[in-house]
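The values are calculated or read from the model by the stated rules, or taken from the named source; none is laboratory data. Since the structure is predicted, the reported quantities are computational estimates derived from the model, not experimental observations. Cβ placement follows ideal geometry from the backbone for every residue including glycine, while neighbour counts extend to all protein chains displayed. Quick note on the areas: whole protein, heavy atoms, side chains included, nothing else; ligands and nucleic acids left out. Shrake-Rupley method; radii C 1.70, N 1.55, O 1.52, S 1.80 Å.
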Amino acid sequence: MKIALGCDPNAIALMNEMADYITKDLGHEIEIFPSDDPIYAHVATSVGEAVAAKKFDRGILFCGTGIGVMLAANKVKGVLAAVVGNVYSAKRACLSNNCNIITIGSQVTGNMLAKEMIAAYLGSTFVYNERSGKKVDAILEYEAQH
């Protein structure tokens, strides 16, 4: 897969470590959207636009808590972003919610947990089904109408 990565200045170290992990250990291609801009919305919307345009299969964003970049990315039409804090949520972000971006907080997440969450997310594939498909459809229908 081709993965877009971005962060604010609070999360550069974690993003760089995860970039190495994603390429060397998981075997995915990445592109980093570098930013020394403390306004995390700028990098989050840039990554969101690239993922929504299907230039990348998925995106991963990092900031202090993961919340700010999630909020900003979700303003981009076509983005479904979820902040994750455990492996189960990272997996379900894809399996149940078809999220094309996850966000991780560098100040609240250890490096090993971040690796496990990323592996779970990138190792999952959304399969439309009766249980989850209609829920995602409702989100996308609302987005299309507003």
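Quick notes on this structure:
- Evaluation of Val76 against (1) in contact with a Cys (Cβ under 8 Å, 6 or more places away or on another chain); (2) modelled with pLDDT of 95 or more; (3) assigned to a loop (DSSP other than H, G, I, E, B) (one fails), failing number: (1)
- Output for segment 122-139, where each listed residue is open to solvent by less than 60 Å² (accessible area, probe 1.4 Å), touching a residue at least 24 places away in the same chain (Cβ under 8 Å) and outside any loop (DSSP other than H, G, I, E, B): Leu122, Val136
- Subset of segment 100-119 (residues that are farther than 18 Å from Asp20 by Cβ and either open to solvent by 70 Å² or more (accessible area, probe 1.4 Å) or free of Cβ contacts under 8 Å to residues at least 40 places away in the same chain (or both)): Gln107, Val108
- Summed over segment 1-59, the residues that are part of a loop (DSSP other than H, G, I, E, B) and under 18 Å from Ala93 (Cβ atoms) give a count of 5.
- Scanning segment 13-43 for residues that are touching a residue at least 40 places away in the same chain (Cβ under 8 Å), under 16 Å from Gly66 (Cβ atoms) and surrounded by 14 or more Cβ atoms within 10 Å (Cβ to Cβ) yields Leu14, Met15, Glu17, Met18.
- Selected residue (criterion: farthest from Ala11 (Cα to Cα)) from residues of segment 50-67 that are buried (at least 17 other Cβ atoms within 10 Å of the Cβ) and over 10 Å from the mean Cα position of the chain (by Cα): Ala52
- Of residues in segment 17-49 being polar (S, T, N, Q) and over 15 Å from the mean Cα position of the chain (by Cα), the one modelled with the lowest pLDDT: Ser35
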